[in-house]
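Written below as structure tokens is the structure these notes are about.
The values are calculated or read from the model by the stated rules, or taken from the named source; none is laboratory data. Values in this document were obtained by computation on a predicted structure and should not be read as measured data. Don't worry about glycine lacking a Cβ; one is built from the backbone with ideal geometry, like all the others, and counts go over all protein chains shown. Quick note on the areas: whole protein, heavy atoms, side chains included, nothing else; ligands and nucleic acids left out. Shrake-Rupley method; radii C 1.70, N 1.55, O 1.52, S 1.80 Å.
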Amino acid sequence: MVTNVKTAAVVGAGTMGAGIAQVAAAHGCTVHLVDVSTDVLHRARAGIQAQVDRQVEKGRLTAAEREEQLARIRTCQHIAELPPVDLAMEAVVEDMSVKHRVFAELDRATPPEAILATNTSSLSVSRIAEPVRDPSRVVGMHFFNPAPLMPLVEVIAGAASGAAAVDAALACAAAWGKTPVRAKDTPGFIVNRVARGYYLEALRLLGEGVAGVDEVDSVMRTHGRFRMGPFELMDLVGLDVNFAVSHSVWQQLGRPARLEPHSIQQSLVAAGHLGRKAGRGFYQYDGELKVPAVPVDRRSYRLSPLFADICRAFTSAGGALDAGATEGYIFTRILAAIINEAGWALAEGVASASDIDTAMVLGTNYPLGPLAWWEKIGPRTVRGALKALNEMHADGRYAPAPRFADA
Ligand SMILES: NC(=O)c1ccc[n+]([C@@H]2O[C@H](COP(=O)([O-])OP(=O)(O)OC[C@H]3O[C@@H](n4cnc5c(N)ncnc54)[C@H](O)[C@@H]3O)[C@@H](O)[C@H]2O)c1
């Protein structure tokens with residue numbers, strides 16, 4: 001198996017493929033960028049050129065380095081035209097039948113020792129590998145958008161992936177300046193699964209009438225030190241994209257109550273209120289100005305004195321020292337949901353505790369990894385919060401993950 005990637009193919013020159021090609025070329029790799037559409041190839045090259053030009057303007061690259069980097073990127077329309085490569089990275093549309101066609105072609109067009117990687121966000125790496133005669137050379141290499149800026153790569157071993165291919169993918173990601181983590185081939189891998197808690201719990205708080213979108217966002221920014229609140233983030237990502245990920249992860253994990261997509265989001269998607277790109281989502285956008293666009297049907301909530309104490313302990317240990325009672329309740333619920341999902345992922349062997357934390361900090365800009373938060377807030381307090389919430393809901397959605405149940 002190849003150990004040092006010098007020549008790569010990137011199949012699919014859309015958002016991710018173009019970004020990954022740029023990263024590879026910036027780290028000395030010769031890249032063959034393949035797309036069925038010549039328009040897309042032109043756009044990809046122009047986009048990469050514009051970004052490299054900006055680096056020259058900022059003094060981060062010399063004119064000669066710019067030339068070398070751009071010259072390392074070649075384009076073509078057919079996989080069959082590829083010269084021998086060390087690694088082929090698939091970044092075509094998220095559709096199993098298209099990916100199968102691409103992998104069947106890559107199987108024929110690449111040397112047997114080449115690594116075949118997929119950038120899929122939500123499909124099974126094991127299934128994607130099916131058309132390849134030697135599936136031990138197929139792995140997942142999940143980059144994040146925008147690929148040139150986001151430092152994380154989740155490296156996913158499918159059922160048949162060989163250790164040599166996984167090691168080569170880890171080494172390649174590191175050589176391309178990224179921080180790789182290992183993840184099992186499970187729905188949403190690490191980031192797209194553990195991040196569900198941030199969105200879904202915020203939606204439940206809105207649905208229960210505890211707080212409006214701007215209040216929840218403000219609590220998580222101010223007290224949680226998250227860069228963006230959950231509703232702002234869904235508006236930025238696109239409500240349709242975010243809903244599709246939620247739905248896919250929930251469905252593939254056997255529809256657990258804690259990951260059930262929320263009807264508020266489903267209705268907004270159906271109404272075309274898809275977020276920033278549509279000018280309206282959870283907020284209405286007017287240039288830089290944004291105002292909440294989803295009303296809150298405010299209802300009072302009641303906590304037992306014990307749960308109110310737990311919320312106070314949770315928020316102060318979590319660093320939200322000056323949070324009021326409702327702010328503390330919001331903070332506790334959202335953070336407990338994220339921590340619990342990380343606990344379930346850990347229990348199911350999705351990744352190690354340190355890889356889960358690294359992935360969430362680098363893949364989503366969380367100020368701290370969920371398991372580091374668990375230790376900071378204290379296992380007993382986290383367990384107390386989950387237990388109290390679980391007693392309020394019959395469907396088991398807050399059932400503590402095994403590690404937290406015995407804390
Ligand atoms: N966009 C994101 O934020 C993001 C993040 C991480 C991973 N991903 C994953 O990366 C992959 C690509 O996503 P994207 O957002 O870049 O998609 P995109 O739609 O921007 O690009 C896909 C490209 O693939 C091309 N294509 C389709 N069939 C092809 C074929 N047979 N041969 C060559 N090219 C073909 C299309 O012309 C298109 O340009 C998907 O699997 C997606 O799940 C996306």
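General remarks:
- Here the relative contact order of segment 193-405, from alpha carbon pairs under 8 Å that lie six or more residues apart, stands at 25 percent.
- Helix axis angle, 196-207 relative to the chain longest principal axis, alpha carbon, degrees: 40
- Span per principal axis, largest first, for the Cα atoms of the chain (Å): 69, 47, 39
- Annotation for segment 89-176: trypsin sites (Lys or Arg not before Pro) lying in DSSP loop with at most 11 further Cβ atoms inside 10 Å of their Cβ are Arg133.
- Accessible surface of segment 81-140, 1.4 Å probe, proportion on carbon and sulfur as whole %: 53
- Segment 1-100: proportion of alpha-carbon pairs further apart than 17 angstrom, %: 50
- Note on Ala104 and Ala325: the extension gain reaches 73.8 nm, defined as 0.36 nm multiplied by sequence separation minus the Cα-Cα distance.
- Computed FRET value (nearest 0.05) for Ala46 with Ser352, which takes r as the C-beta separation and R₀ as 45 Å: 0.65
- Taking every DSSP bridge with both residues inside the chain, close to 30 percent are antiparallel.
- Among 86-97, 229-240, sorting by the average number of other beta carbon atoms lying within 10 angstrom of each residue, highest first, gives 229-240, 86-97.
- Residues whose amide H lies under 5 Å from that of Tyr283, counting only those 5 or more places away or on a different chain, are Ala293; hydrogens are built 1.01 Å from N in the peptide plane.
- Simple Cβ-charge dipole of the chain, Lys/Arg +1 and Asp/Glu -1, about Cα centre, in debye nearest 20: 440
- Accessible area per residue in Å² at 1.4 Å probe, computed on the chain: 42
- Ranked from largest, the principal axis spans of the Cα set of segment 155-200 equal 37, 27, 8 Å.
- For segment 7-184, relative contact order (Cα pairs under 8 Å, six or more residues apart, normalised by length) works out to 21 percent.
- Percent of alpha-carbon pairs separated by more than 33 Å within segment 193-405: 9
- Extension gain for Ala278-Lys376 works out to 31.3 nm (0.36 nm per residue, less the C-alpha to C-alpha distance).
- Three principal axis lengths of segment 128-193 [C-alpha, angstrom, descending]: 34, 26, 17
- Ordering of 18-31, 311-324, 68-81 by burial proxy (mean other Cβ atoms within 10 Å per residue, highest first): 18-31, 311-324, 68-81
- GNM result for the chain, Cα springs below 10 Å: residue of Ala195, Ala13, Ala293 fluctuating most strongly: Ala293
- Relative to the longest principal axis of the Cα atoms of the chain, the long axis of helix 38-57 makes an angle of roughly 80 degrees.
- Both radii come from the Cα set of segment 203-327: Rg as radius of gyration, Rh as Kirkwood radius; their ratio Rg/Rh reads 1.00.
- Low-density loop positions, trypsin sites (Lys or Arg not before Pro), segment 192-293 - DSSP coil, at most 13 other Cβ in 10 Å: Arg225, Arg227
- Segment 15-63: projected area of the alpha-carbon convex hull, averaged over directions, in nm²: 3.5
- Between Pro256, Pro305, Pro180, the GNM of the chain built on Cα springs shorter than 10 angstrom shows Pro305 fluctuating the most.
- The chain: most fluctuating residue of Ala63, Ala171, Ala183 per GNM, C-alpha cutoff 10 Å: Ala63
- From most to least packed by mean Cβ count within 10 Å, the peptides 33-39, 265-271 give 33-39, 265-271.
- Using C-alpha pairs below 8 Å separated by at least 6 residues, the relative contact order for the chain is 13 percent.
- Between 0 and 90 degrees, the angle of helix 213-222 with respect to the longest Cα principal axis of the chain falls at about 80 degrees.
- Note on segment 7-184: semi-axes of the ellipsoid equivalent to its C-alpha gyration tensor, largest first and rounded to whole Å, are 26, 17, 14.
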